[in-house]
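Notes follow the structure.
Coordinate-derived values only; no laboratory data. As the structure is a prediction and not an experimental result, all values here were calculated from the model. Note: ideal-geometry Cβ built from the backbone for every residue, glycine included; neighbour counts use all protein chains shown.
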């Protein structure tokens, strides 16, 4: 993509606005990485609030620019709570990001994700296996023939590469915008070369650093920061800006880290330090 | 305050005793920052134990010098549990610190905080908005006319400055000492210049570093370390010593940090390294 | 132990296999240190997944090499869930590691641990007080006369030294291998000089760094990494390799740390960097 493409201008503006407005994006997220989600949102320039009760979430929704739901570690009370929350977001036309962590594993998770089909999010951010599994749970069929492989996640790590989820991501984005409250949507597939699509255009982001797979919560915190960006911009710009912000910060962290401990520290520092122009000028491959 | 004020001697002694006795202060706290609460207590010189079950809390109370309750992330089971625990602390005349995170948001949180009115803590530590909201929930009216503004928290961040909560903090401290089990109390209001009061005297602590607002859990972990100090000293000394310890450590961290990641690392190092004399000799403004 | 003892060869192979195979070890663990458990497993070379629902755990068991249960912070739903999970592990002859955090405190925890007596784990990793308390809960009596002292844990820290739990550890390992599904077992007692036994041989590991007691989760994350090693090796080798890997990494971290913050960062870096040969060549004292 050329350096003067209008998409880049929207990304730059989004980065600047996050730093100027410190937008609040609330999260209902897993216990493993909840701290990193909040710290990444703060380091990216936003503000954070976390809750697990519908009454809390609804109150905080009123003062949040966007919300984030991550189904990583579930408790019995979540099944009713999350259905109630998704319905409430729908009725208030709230913007929200879903991370369907480990989609396809566990009957409770499957029921929760199934319930979201009726009240879908604005953005789904996930790895390739989760995107493919979510399409299965929501009965989203591919217009183009796929290779017929049945994909099953290997725990919380993807067993599929980003390429293999391209068609699923496109169809998923179309499903989201058709069925969600705002009729705008994006899907972000994280992996070696992230993919972002709004259902029409497909972008690939080749940056980043492999050490991101050696700290827990790289994907979860990207979901949270995507919600931070969604509070100030359209879904496609939010998904692109958050992914690029993460890729730039992870590249910078990779130049100084001695291992995963110092990598996480340097990554949070880099999220904070990195300039909007650097994020907006990253390599973006416009696929069509 | 002069360098030979007796308050400073009590602060110095408290800091030294925490390092010598490694006092246990247990916590019932939120999932976002529970790790930082424990690590800050350890780095300050204390010992940590976390639990969410009344039977656990009551057993651990017997071996704890003080306890800490933080209502940040609530689960359905907490409403009965926390009422039971507060009542039990009251009956055993246990010392405890309350952080009323996001007071005013969510009906469950409001009911939990309301229930504490009957069995109030020894110390409340919060931001200005939460102090004002808690006074509202507990029907504490100001003796002096306030400006009549209705304050509402903006998520978990304060929308009010510390000054505006001065009268609320004084009245809240008086309420605590009148109604709690030990009839001694303090209130600490965190912000740009922290305020600590026992209901009679008011102290302002101008130190600290703004980067503390860019890591999640600065306030939560201060509540935990306040409980650590409460295990070895009176409430006013505990609130002052913990806040000064945090301010000194955050100032020291600010001199080396490159961003919020390295700031948190350096902050924990500084909590550990900083000398009792340095903490006790910090600037303290005695308001009256 | 001589440098060409066959035990060392098994340890070296285990370390190399963890790095080559990135084995998944799932965890049901406490909220305080869940992030460090996952990050330590990743830094040691493994893969992590965390859950609290039986349906999740059973699905993930099918793709995990081993599992880890840590009873640190309990919720009401855990009592039934953990009994169900332990029974399911037994029926599937799954390998799993138990960390009986704070054994002896809280009636719910005691009931949960008691239920495990029927379906015991492959490995127990704990501090001395917890090992002694667990023997009491499981009615494991010592063949050799002990000194008759009644031990009670001081919160989550051990009040007993490793020596005093030697006989308990041996009897506990024998109990495990007699009653668990695979009839192989090990017990690891963490402390100043870690002890590892399979019920016959007893090894002491004199390495490590005292700063490990000033970060929360050193023991919890060792339990998680023990499960990572159990996914590729026999219980005795797994317990030895994980403890030695931790000791080597903590020694290396101790040479650069300025306090507990930088210690944890350096510790994770060292877990990642340290070579299999260095781990396998550590001092191991073969007691008999």
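Go ahead and run the numbers for FRET between residue B:79 and residue A:255, Cβ-Cβ distance against an R0 of 60 Å, rounding to 0.05.
On the way: r = 49 Å, r/R0 = 0.82.
Computed FRET efficiency for residue B:79 and residue A:255 comes out at 0.75.
Label separation (residue A:210 vs residue C:163): 4.8 nm, computed from points 7 Å beyond Cα along the C-beta direction. The Cα center of segment A:161-225 and the Cα center of segment C:210-277 differ in position by 34 Å.
In segment A:232-263, which residues have a backbone nitrogen under 18 Å from the label point lying 7 Å from residue A:192's Cα in the Cα-to-Cβ direction? Backbone N within reach: A:247, A:251. Between identical copies, the spacing of residue B:88 label points, each set 7 Å from Cα toward the C-beta atom, reads 3.0, 3.0 nm from nearest to farthest. Of B:178, A:251, the sequence from fewest to most neighbouring Cβ atoms within 10 angstrom is B:178, A:251.
Would you calculate a helix-derived [θ] at 222 nm for the protein assembly as shown, using -39,500 (n - 2.57) for each DSSP H run of n ≥ 4 and dividing by the full residue count, to the nearest 500?
Numbers: 33 runs with 405 residues, N = 864.
So the calculated ellipticity at 222 nm is -14500 deg cm²/dmol.
Across the copies of the chain, residue A:114 has label points (7 Å from Cα along Cα→Cβ) spaced 3.8, 3.8 nm apart, shortest distance listed first.
Translational diffusion coefficient, Stokes-Einstein: compute it for segment C:28-106 using the Kirkwood radius over C-alpha pairs as Rh, at 25 °C and 0.890 mPa s, and state it as an integer in µm² s⁻¹. Walk me through the numbers before you get to the answer.
Details: Rh = 13.1 Å.
This corresponds to a translational diffusion coefficient of 187 µm²/s.
Extending 7 Å from the Cα toward the beta-carbon at both residue B:20 and residue C:281 defines two label points whose distance is 4.6 nm. Determine the shape class of chain A: with a ≥ b ≥ c the square roots of the Cα gyration tensor eigenvalues, call it rounded for a/c under 1.5, and otherwise prolate if a/b is greater than b/c, oblate otherwise. Because its axes are fairly even, with a/c under 1.5, chain A counts as rounded. Based on alpha carbons, the Rg and Dmax found for the protein assembly as shown are 26.2, 82 Å.
The mean number of Cβ atoms from other chains found within 10 Å of a Cβ in peptide B:59-70 is 2, as a whole number.
Report the FRET efficiency, 1/(1 + (r/R0)^6), for residue C:141 and residue C:114, where r is their Cβ-Cβ distance and R0 is 25 Å, rounded to 0.05. Display every interim value, and only then the final one.
Details: r = 16 Å, r/R0 = 0.64.
The calculated FRET efficiency here is 0.95.
Distances from residue C:286 to itself in the other copies, using label points 7 Å out along the Cα-Cβ axis, amount to 7.0, 7.0 nm in increasing order. Within 10 Å of the Cβ of each residue in A:207-217, the mean number of Cβ atoms contributed by other protein chains is 3. Residue order for B:113, B:142, fewest other beta carbons within 10 angstrom first, comes to B:142, B:113.
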